[in-house]
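Single-structure report; data block below.
Derivation of every value follows stated rules applied to the coordinates shown; laboratory data play no part. Given the structure is predicted, the values throughout are model-derived calculations rather than measurements. Counting neighbours? That spans all protein chains shown, and the Cβs are built from the backbone with ideal geometry, glycine included.
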Amino acid sequence: MKPLIPFVLVAASATAVAGTPVQILDAYANAVGAAYQVSAQRGAEFYARKFGVSAKMDSCATCHTGKPTQAGEHVITGKPIKPLAPAANADRFSDPAKVEKWFKRNCTEVVGRECSAGEKADFIAFVSGGL
Ligand code: HEC
């Protein structure tokens, strides 16, 4: 459980002072271990991968579009979704609790399980344009 300690500390302090995409990414990467090599390329593959778990919510791109800088649309409710890329929407990856909540919900629906800390770090690196 040791690698989780830095994550908890960063998440807690980030809640008080808000977070940045880099801080939130680092917290996930540190939760994997100091040697973890974050990969925006792996994040891109994960983002576009069709998991085949949910017929309607096959991939992250289904709602978030093929490009994280674009506004998306919820495939079931039709509600607009602001771009995931911090470059296009400054609110993104600024609140660790919100990030965690949506990773949990969307990964469970799309991937059929929670995403690993490494998958989350790679995902943030990709949607942020490779931090
Ligand atoms: C069924 C539609 C849908 C799919 C598919 C989907 N998302 Fe989302 N996602 C949403 C909605 C709705 C929100 C919350 C509304 C908002 O923040 O604009 C959201 C927000 C997020 C956030 C919050 C980011 C932030 O800081 O605001 C993350 C992270 C996220 N999604 C990751 C994922 C990942 C990873 C996948 C694929 C495993 C995925 N999403 C697939 C609909 C979806």
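Structure above, values below:
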item	result
The range 17-70 - Rg and Dmax from Cα coordinates, angstrom	13.8, 39
The chain, dipole about Cα centre (Lys/Arg Cβ +1, Asp/Glu Cβ -1), debye to the nearest 20	200 debye
Isolated Cys residues of the chain, judged by Cβ distance under 4.7 Å to other cysteines	C60, C63
Relative contact order, percent, the range 4-127 [alpha-carbon distance under 8 Å, six or more residues apart]	35 percent
Ranked list, fewest to most other Cβ atoms within 10 Å of each Cβ, for R92, R105	R105, R92
For the chain, the fraction of alpha-carbon pairs in successive 10 Å shells from zero, as %	13, 45, 34, 8, 0
Distance in nm between pseudo-label sites at T69 and D91 (7 Å out along the Cβ direction from Cα)	2.1 nm
Convex hull of Cα atoms in the range 73-124, direction-averaged projection (nm²)	3.9 nm²
Nearby lysines by direct alpha-carbon distance to K120 (threshold 23 angstrom, same-chain neighbours under 8 apart not counted)	K2, K50, K56, K67, K82, K98, K101, K104
Nonlocal amide H pairs with I81, under 5 Å, H built at 1.01 Å	G72, E73, H74
